[in-house]
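Quick notes on the structure that follows.
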Amino acid sequence: MSQEEIPLNQFQRLVAGRPACLLTVRYKGQVNVMTLSWVSPVSSEPPLLGMAIHPSSYTHDMFKRSQECVINIPGRPLAEQVVQCGSVSGQQEDKLALTHLQLDNGRRVQAPWISECLAHLECSVVGTVAPGDHTLFVVEVVGIWAESGAFANGFWLLPDDAEELHPLIHLGDTSFALLGKKITVAAKPNEGN
Ligand SMILES: Cc1cc2nc3c(=O)[nH]c(=O)nc-3n(C[C@H](O)[C@H](O)[C@H](O)COP(=O)(O)O)c2cc1C
């Protein structure tokens with residue numbers, strides 16, 4: 001083994017392995033969608049997530065005002081739209097018209113679902129903190145819906161013969177991975193992590 005020092009600005013690449021998400025917000029009747037992968041659980045009871053959003057984004061402003069969002073988890077077929085929603089701003093362009101993504105009403109929040117996605121986590125803001133150049137929005141997950149062929153019994157199923165049911169794992173920039181092989185170790189973890 002030979003360890004090489006990695007530049008500090010690549011820190012986030014070493015903790016990669018989260019799904020690329022499409023975040024939807026609605027404010028005063030207007031809907032925007034942006035790509036988000038800096039998302040992490042921060043509490044199990046209540047169910048809280050932290051999401052880091054850059055203040056220059058249009059979503060940041062709408063989300064700060066509306067206090068609600070849907071985290072939509074796209075599958076393999078939406079890779080192109082994921083990159084589009086992450087490289088164009090809703091301030092300049094209507095990304096829904098650009099990507100032809102379809103909306104469904106949210107069930108417990110005003111923000112809408114992206115219909116084509118594998119799963120939808122409806123969230124409302126419980127706090128914000130800005131320790132660096134992104135705002136960390138802490139949100140409570142208030143409802144979750146998922147495709148039964150993609151997620152069941154508490155796990156992503158990752159069917160071998162249906163890549164379209166796999167989430168896109170963000171590696172950095174416009175590179176993604178598909179989860180390939182599930183291994184389960186006999187020891188029991190302390191919490192439901
Ligand atoms: C794969 C991917 C992941 C991204 N993750 C984040 C993220 O976690 N936080 C963030 O602020 N921007 C992230 N971005 C960049 C935003 O999606 C991008 O700035 C977008 O244009 C903002 O759109 P808006 O101005 O319409 O809100 C990501 C982009 C890509 C392609």
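Annotations for the structure displayed:
- Subset tally (residues that are in contact (Cβ under 8 Å) with a residue 60 or more places away in the chain, in a strand (DSSP E or B) and either within 6 Å of the ligand (Cβ to nearest atom) or under 17 Å from Lys64 (Cβ atoms) (or both)) for the stretch 17-32: 5
- Residues in the stretch 83-99 that are in a helix (DSSP H, G or I) and not hydrophobic (A, V, I, L, M, F, W, C) were compared, and the one that is farthest from the ligand (Cβ to nearest atom) is Thr99.
- Of all the listed residues (Glu4, Glu68, Glu80), the sole one being closer than 17 Å to Asp173 by Cβ, out of contact with any helix residue (DSSP H, G or I) (no Cβ under 6 Å at 6 or more places or on another chain) and acidic (Asp, Glu) is Glu80.
- Residues within the stretch 144-161 that are at negative phi and either of a type in the set (A, V, I, L, M) or outside any loop (DSSP other than H, G, I, E, B) (or both), tallied: 9
- Enumeration of residues in the stretch 33-65 that are assigned to a strand (DSSP E or B), within 14 Å of the chain's Cα centre (by Cα) and either more than 23 Å from Leu168 (Cα to Cα) or not hydroxyl-bearing (Ser, Thr, Tyr) (or both): Val33, Met34, Leu36, Val39, Pro41, Leu48, Leu49, Gly50, Met51, Ala52, Ile53
- Residue selected from the stretch 100-117 under the condition within 16 Å of the ligand (Cβ to nearest atom) and part of a loop (DSSP other than H, G, I, E, B), by the criterion nearest to the chain's Cα centre (by Cα): Cys117
Since every read-out is calculated from the coordinates, none of them should be taken as a lab result. On a predicted model such as this, the values are computed, not experimentally measured, just so you know. We place every Cβ from the backbone using ideal geometry, glycine too, and count neighbours over all the protein chains shown.
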